[in-house]
Amino acid sequence: MKIAVVLRQVPDPIEPLELMPDEKALDYGEAGFLVNESDEHALEQALLLAEDGTAEVTVLAFDFGDVETTLFSAAAKGVDRILTIPWEEPFPPGTDVATALFADAIRSVRPDCILIGCQAHDELEGAFGPRLAVELELPYLGVVRGVRQTAKEMVLEAHKEYPGAAKARMSVQLPAVLGILAADQPPRYVPVSRIREAMKSAEFEELELESVPPSVAVSVARLSFPLRGDGARMLEGNEREVAEQIAEILVEKGVLT
Amino acid sequence: MIHQAVRSDEGIGEGFLEELLSHPEGHDILACMQCGTCSGSCPLGLAMEYPPRRMILQARRRDMAPVLSSPSVWMCVGCYTCTLRCPREIDLTDTLWPAVRDRALQEGLQPPAELQTALQNLYMYGNVLGKSPRKRLEWARGLDVPLTDLSKERAAVEVLWLVGCYPSYYPRNQVVSREFARMMTCLGISWGVLGVKEKSLGDCDRLFGEEGLFETLVETNKELFERQKFKTIVLLDPHSYRALEVFYPRYDAGFPAQHYTMFLADRLEQLRPLLTRPVPCRVTYHDNCCVGRRCGSYEPPRALLEAIPGVEVVEMERNRENALCCGGGGGGMWLDGHITEHGGKRLSDERIREAAATGADVLAVSCPYELSRFEDSAKVAGLEDRIVVRDIIELLAESMGLGERR
Amino acid sequence: MSEQDVLVVADLEGDSISNGTLELIGAAGQWTETHGGQVLAALLSTDGASQAMRLAAADRILAVDNPVLAHYCPGPFLDALSEIVRREAPRLVLFASSTVGLDLAPGLAAVLKTPCLGNCRAFDAEGDAVMATCSYCSGKLVAELQAKGRPVVLTLLPGAFHPATRIGKGELEPVAMELAEGAIRFEEMILADQSDVDITQQDVLVSVGRGIQQEDNMELAQELAEALGGELAASRPIVDQGWLAATRQVGKSGMIVKPRLYLALGVSGAPEHVEGMSGSELTIAVNTDPEAPIFEIADYGVEMDMLDLMPELTEVLKRKRAVSYER
């Protein structure tokens with residue numbers, strides 16, 4: 001079975017977000033980047049599926065942000081191929097461009113199963129996975145926590161999460177795109193020495209794809225920080241003082257009698 | 001919880017002994033006479049399935065598989081008691097343990113989750129706390145003495161002060177950082193910091209077994225330090241001090257360094273006249289493992305405490321080379337859950353009781369981890385009204401009128 | 001059929017229409033009141049008539065009954081919706097941010113080759129475009145977006161719109177459609193382990209997020225919960241780690257809770273989590289990040305490390321309880 005995993009770079013939330021002067025985009029020059037968390041889960045899920053040696057894992061990424069760290073780490077974890085999509089701009093590709101180029105890249109791999117994170121916090125146009133699936137003319141199932149192989153070749157079992165900690169067991173006839181919320185186990189740790197080895201030996205295959213013009217259907221009119229006016233009333237003081245204040249509030253509101 | 005790699009035990013740990021013997025420090029392992037002093041001295045020895053003695057036995061038997069997948073691998077807190085007492089002087093803490101852990105990681109065996117996060121943070125952000133590197137100077141916000149940021153200006157200074165991760169980011173420790181800054185200025189010492197360029201020295205991850213990560217940090221730091229002009233590096237963190245003293249030279253990255261207790265003790269005569277306000281209290285000092293057992297420095301901290309007017313120093317029963325570790329080293333800060341899950345205990349809980357039993361009102365420490373560890377343990381033991389925890393810097397600062405209200 | 005019709009995709013939870021759907025109808029009603037048109041509701045199930053009453057605030061209930069629609073699976077649902085859109089040509093299509101809506105909305109937009117906007121908290125027309133105000137970067141930013149195309153597909157943030165209070169025509173229209181089973185099929189529903197505590201029934205919840213840092217610290221949180229007479233809950237990352245059971249997860253794909261007190265410790269307040277607890281009567285949030293979105297919706301906030309605060313708070317509460325017992 002061939003598995004393709006899409007890895008996207010997103011702004012690192014531990015760095016404060018800054019806006020461009022025209023307030024229409026993030027200042028990507030100032031942002032830190034890291035791999036999208038649920039994409040990392042998608043990679044972990046792919047590695048788990050490949051553990052019995054019957055599957056090959058290919059990762060695909062745009063050459064943007066801190067992609068090298070992500071890809072060397074993926075190499076160290078033991079993926080079979082790493083494909084990069086050239087990207088020169090200082091901002092990440094827009095949805096339409098990303099859809100077209102990722103789809104092209106994936107077609108060159110001809111995978112049976114495509115895994116991608118089911119959400120990324122910098123998505124403005126809804127989840128990316130379903131869009132990619134439509135472009136590839138494949139079915140999509142998202143918010144998946146856990147994927148297993150079944151006795152039937154080319155049929156996987158996936159658990160789709162529902163409210164109330166319920167889940168639906170779904171059978172997936174490949175080829176298909178799965179949007180991963182979480183893998184069967186958290187992303188594995190790989191020692192830095194392995195990553196450093198990968199830095200010396202890993203090979204990235206840079207794809208040559210036809211460029212795609214950006215779309216104009218959705219545009220950002222303005223980005224802003226939420227008004228904090230009506231937010232929480234902040235309590236001040238050291239731990240003891242704050243604890244006393246909280247207790248007072250609870251007594252006042254009748255939560256603590 | 002350790003997630004096991006899905007593979008059979010066969011082949012795991014193969015060639016471990018040979019690999020260990022190929023290092024000059026590892027060769028001593030053959031000298032082990034299986035006396036068990038190490039296991040008997042280890043504060044967590046009883047909880048370990050494979051304490052050092054048994055580890056060596058398995059290595060020599062070429063049967064490391066059960067050891068590598070045992071929870072014991074993640075129970076060493078780097079206290080050096082075994083190393084100090086080994087009659088054959090085998091470098092257990094600094095050579096055997098990291099080799100075992102490194103091998104476990106190489107084999108794909110997953111370390112406890114909290115440790116993973118700490119290591120990942122270290123790799124990505126240069127600090128174990130996972131905080132933004134850009135906020136590394138936040139501790140100095142509103143600092144009332146001039147600060148030389150060597151990442152922004154070229155200057156020759158007497159002291160390159162490596163503040164450290166906890167002292168930079170953790171509120172309880174930031175107080176100590178500011179007080180130390182004031183203290184050095186008061187003593188007329190020219191000092192500078194690396195600002196947002198400062199990274200962890202990689203002290204602890206070497207004991208975690210993350211050799212690769214340690215090497216990465218050594219490379220970065222070597223480059224950073226070589227660009228600076230200074231007489232000596234001063235550190236608040238004993239683990240970082242040990243790293244610079246013992247390990248960095250092996251990578252051709254040795255620099256003159258002192259832990260702050262040594263640095264200040266050397267200048268005791270300039271310091272003494274500045275200790276004008278009395279700090280009346282009974283203090284007991286907890287020897288940290290790195291400056292203490294590992295590097296053999298026990299008297300400087302005591303000299304500093306005794307110089308403070310009003311302070312009465314009392315000793316715990318286990319002091320100096322017999323001090324009980326707080327449990328925070330060797331990754332211990334992130335292993336409490338793992339350790340207690342496997343039959344061990346939080347050593348700081350026991351130590352705080354020992355401190356209180358001396359009748360002291362203050363437990364003095366000189367390691368950034370210990371402030372929060374002991375304060376936590378004091379609460380757990382219900383002793384926070386009987387004994388408070390203070391860094392030596394805080395006591396000195398109070399006597400110099402440079403202290404901050406907590 | 002009018003140019004300004006709004007199609008709402010009814011979201012089923014088990015066998016009943018979700019509250020989120022009523023919010024969609026409310027939002028749709030706001031649009032049609034201003035711009036004309038009708039509120040259409042697409043109801044995909046095996047027996048739409050039994051649910052139609054709940055959708056009475058819509059004007060036309062387009063019920064597609066088909067055995068393959070018994071449980072959500074992507075193929076037939078997407079096919080059915082595309083067909084309805086082709087027939088009805090609505091101006092907008094509204095989805096709830098449910099586990100189904102998140103899959104379907106972008107997919108439908110892609111099939112129709114029209115725009116999709118996610119996490120919307122407000123929207124209106126501006127000339128021939130649709131303007132929407134959306135949550136971005138886990139609530140840390142607000143994005144005002146413009147979309148041109150027809151229909152524009154929007155996924156609405158839960159709780160951002162009032163449930164419908166309008167009186168619709170509520171006309172049930174069965175829609176006949178041939179639908180094929182897709183490649184992805186529903187096999188069975190696995191319900192949560194019922195033996196654990198039901199956090200939706202608790203008055204007091206102490207909810208922990210990543211700020212707890214280590215599993216070892218869960219003990220402190222448990223003590224605090226006990227001192228408050230409540231139970232522990234958590235955000236998704238904690239459950240992912242296995243530190244608490246899935247039945248303790250608060251959020252979009254976990255439990256929706258409405259306790260008297262929700263104490264959010266080290267929880268950033270990402271929309272998926274907030275969705276699960278925004279109905280709480282009193283929310284107190286503790287976080288080291290002053291920019292954390294949780295502070296926007298909490299009643300009281302503390303910028304502090306939860307690990308420092310928890311033991312203090314537990315102690316203070318124990319003392320207060322002891323005092324009250326003495327009375």
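The table below lists the values:
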quantity	calculated
Residue within the range C:240-254 that is on the phi < 0 side of the Ramachandran plot, surrounded by fewer than 16 Cβ atoms within 10 Å (Cβ to Cβ) and assigned to a loop (DSSP other than H, G, I, E, B) present	no
Which listed residue, of C:Glu219, C:Glu291, C:Glu275, C:Glu223, is in a helix (DSSP H, G or I) and within 11 Å of chain A (Cβ to nearest Cβ)	C:Glu275
Positions within the range A:85-108 being under 24 Å from A:Glu56 (Cα atoms) and not aliphatic (A, V, I, L, M), in sequence order	A:Pro86, A:Thr99, A:Phe102, A:Asp104, A:Arg107, A:Ser108
Residue selected from the range C:255-272 under the condition modelled with pLDDT of 85 or more and within 9 Å of another protein chain (Cβ to nearest Cβ), by the criterion surrounded by the most Cβ atoms within 10 Å (Cβ to Cβ)	C:Leu263
Residue within the range B:364-371 that is more than 22 Å from the chain's Cα centre (by Cα) and surrounded by fewer than 24 Cβ atoms within 10 Å (Cβ to Cβ) present	no
Unique match (being small (Gly, Ala, Ser) and more than 27 Å from B:Leu264 (Cβ to Cβ)) among B:Gly296, B:Gly332, B:Gly337	B:Gly337
Total residues in the range A:193-246, condition under 26 Å from the mean Cα position of the chain (by Cα), acidic (Asp, Glu) and within 14 Å of chain B (Cβ to nearest Cβ)	1
Lone qualifier among B:Glu153, B:Glu158, B:Glu138 - being charged (D, E, K, R) and in contact with a strand residue (DSSP E or B) (Cβ under 8 Å, 6 or more places away or on another chain)	B:Glu158
Test result for C:Glu171, more than 30 Å from A:Val216 (Cβ to Cβ), surrounded by fewer than 21 Cβ atoms within 10 Å (Cβ to Cβ) and more than 8 Å from chain A (Cβ to nearest Cβ)	yes
Test set (1) closer than 21 Å to A:Asp184 by Cα; (2) assigned to a strand (DSSP E or B) - C:Ala264 fails condition number	(1)
Candidates A:Leu83, A:Leu101, filtered to the one that is at pLDDT 95 or above, hydrophobic (A, V, I, L, M, F, W, C) and in a helix (DSSP H, G or I)	A:Leu101
Condition met for B:Glu404 (surrounded by fewer than 22 Cβ atoms within 10 Å (Cβ to Cβ), touching a residue at least 24 places away in the same chain (Cβ under 8 Å) and of a type in the set (D, E, K, R))	yes
Options C:Ala264, C:Ala246: the member that is of a type in the set (Gly, Ala, Ser), closer than 27 Å to B:Tyr170 by Cβ and without any contact (Cβ under 8 Å) to a residue 60 or more places away in the chain	C:Ala264
Matching residues, the range C:74-97, being facing chain A (nearest Cβ under 8 Å) and buried (at least 24 other Cβ atoms within 10 Å of the Cβ)	C:Pro74
In the range A:23-70, the residues that are assigned to a strand (DSSP E or B) and closer than 16 Å to A:Pro92 by Cα	A:Leu26, A:Phe33, A:Leu34, A:Val35, A:Leu60, A:Ala61, A:Phe62
Per-region count, the range B:74-104, residues closer than 18 Å to B:Cys325 by Cα, among the hydrophobic types (A, V, I, L, M, F, W, C) and in a helix (DSSP H, G or I)	5
Within the range C:120-159, tally of residues that are polar (S, T, N, Q) and in a loop (DSSP other than H, G, I, E, B)	1
Boolean, C:Gly118 is closer than 23 Å to A:Asp96 by Cβ and either of a type in the set (Ser, Thr, Tyr) or touching a Phe, Trp or Tyr at 6+ places or on another chain (Cβ under 7 Å) (or both)	no
The range C:149-162, subset out of contact with any Ser or Thr (no Cβ under 8 Å at 6 or more places or on another chain) and surrounded by 16 or more Cβ atoms within 10 Å (Cβ to Cβ), residue nearest to the other protein chains (Cβ to nearest Cβ)	C:Leu154
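The values are calculated or read from the model by the stated rules, or taken from the named source; none is laboratory data. Note that the structure is a prediction, hence the values are computed from the model and not measured. Reconstructed Cβ throughout: ideal geometry from the backbone, glycine too, with neighbour counts over all protein chains shown.
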